Amino acid sequence: HNSRFWRPKSLLDTNRLTLSFNGWHRKKHQDCRTLWKQEAVQKYLETLSKEYQQVSHLLNAGSISDFEQRTLKKRCADLSPIATAFQEIKAAEKEVQELEAMCRELDSRDEKQLLELALEEKETLDKKTTALCRKLFQLLVPKEKYDRSHVILEVTAGRTTGGDICQQFTKEMFEMYQNYADYKRWTFDVVNYTPAEIGGLHHAAAQISGEDVYRHLKYEGGTHRVQRIPETGLSSRMQRIHTGTMSVIVLPQPEEIDVKVDPKDLRIDTFRAKGAGGQHVNRTDSAVRIVHLPTGLVVECQQERSQLLNKDIALRTLRAKLYQQIVEKQLSQERSARKLQLGTRAQSERIRTYNFTQDRVTDHRISYDARNIKEILNGKEALDQLINRLLEFAEIEAITEYLENLQTLERGGC
C-alpha cells in the first residue's frame, strides 16, 4: 500500500522454519506461558496488534482501490484472531494482578473466606490464560501442507535382538494406534497384516482417515524402544529385562493423488492371506502383492476377501508411496522427516522408550516422562495428552526459532 505508515509484515513463514526435534536439547524446554512472557514475543505481538489497528483504519477510511481493499481485507482476516487473543490475554493478566493485590490485603486482614474465593478465581484465570496462550501460538504457527491429510501408518518389528519381545510390542503398538483412531473417531482400515508365529506381529499397515490425522500422528514416526521382562521362558524366571525395538512410519495421503502408474512397471503376485483369524484369513489366494519395478517399492493388501478389492487398495497405497517420493524430492523438510522416521531402526535412534518394569514412557525428543504404560497403550486420553504435548512443543519451537531469526535480521545478521 502507498501509505507510508503501513507495510505488511508476514506472519510465521513456513519456508524459514525447520521443525526438527533434533535440536530441541539445546534449549531449556518452555511452556506457552513462559514463552508468552519473553520480551521478544511481547514486542512481536505488539507489532502485529498495531498493524491490525492500522489496517482496520485504512479499510474504514474508504479511499483505497479495489485491489488494495482486497489485499487489506485478507491481511485483516489473518491478524484479527491474533490481535483478539492478544488483548484477551492482556485483560486476563490485568484481572490476575488485581486479584493478587486484593489477596495481599485480605491476607493481612485475615479474611479467610474471601481469600479462598479470590484464590479460586485466580486459579480459573490462570487456566484461562494458559489456554489463550496456546490458542494464540496455534494461530501464529502456520499449518503444514499435509496437516489435514489422511495417512498410511506402517509398523515393523525391529531387527535388533529381542525376537518375540519386538514382535509382541509391535502388535501392541498397532493396536494402540487402532484404538487411538477409534478415540479420535477416525476410520482405520487395515491394508496389510503379517503376524509372527508366536502371537506377535512382523509388519502391518493401515489407512487412517479423518480430521487432522497427519497433524496428530506426524511425530509418531520413528523407532520405539521397549524394555520388559518376558512373560515366559528363562528370562521371566530370572527377572531379566529384555530390550527390543519396532519402527513406525507415517506417510501423508492427500485426498487427490494424481500419480500415473504404467501397468508395465508392475509385478502383481497373489497369495493366501494369513493371520490370527477374522478378515485376514481365507482359503483362496485373495491377498495381493504389487512390486513397482522402477523404484523397488513393494505394497501388500490382504484386508478384503476379494482379490480385486485388495488389488485396488494396494494400487492406491502404491500411488500414495510414489507421491511421497515426489514430495520428498521437492521438500527437504519432508525428506528429513522420512529419514528421521525410518532410520535404521537402531536403538540409538529411538524417539520413545516404553519401560514396563518402571511403568514409564519417555519421549526423548522433549525429555518428557509419562506414567502408566497400560493407559498409553490403551490408545485413548493418555496417548492423546502425550501427542498434544509434542504438538505444543513443536509450536513453541517454531515460534522461538522464527523470533531468533527475526532478531538476527533486525541486527543486520545473516
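Numbers below:
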read-out: 1.4 Å probe accessible area per residue over the stretch 70-204, in Å²; value: 54
read-out: Calculated FRET value between Gln42 and Lys127, using beta carbons and R₀ = 22 Å, to 0.05; value: 0.55
read-out: For the stretch 32-140: relative contact order, % (alpha-carbon pairs under 8 angstrom, 6 or more apart); value: 34
read-out: Stretchable slack from Gln53 to Asn179, in nm (0.36 nm times residue separation minus alpha-carbon distance); value: 40.7 nm
read-out: Fully extended contour minus Cα-Cα distance, from Glu120 to Glu375, at 0.36 nm per residue; value: 88.7 nm
read-out: Percent RCO, i.e. relative contact order, over the stretch 80-207, from Cα pairs under 8 Å lying at least 6 residues apart; value: 22
read-out: Packing-based order for 145-156, 115-126, 164-175, using average beta carbon neighbours within 10 Å, highest first; value: 164-175, 145-156, 115-126
read-out: Distance violations [Cα-Cα > 31 Å] among Lys184/Lys311; Lys311/Lys374; Lys73/Lys127; value: Lys311/Lys374; Lys73/Lys127
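The values are calculated or read from the model by the stated rules, or taken from the named source; none is laboratory data. Computed from a predicted model, the values in this text were never measured in an experiment. We place every Cβ from the backbone using ideal geometry, glycine too, and count neighbours over all the protein chains shown. Accessible surface is based on the protein model in full, side chains and every heavy atom, while ligands, DNA and RNA are left aside. Shrake-Rupley method; radii C 1.70, N 1.55, O 1.52, S 1.80 Å.
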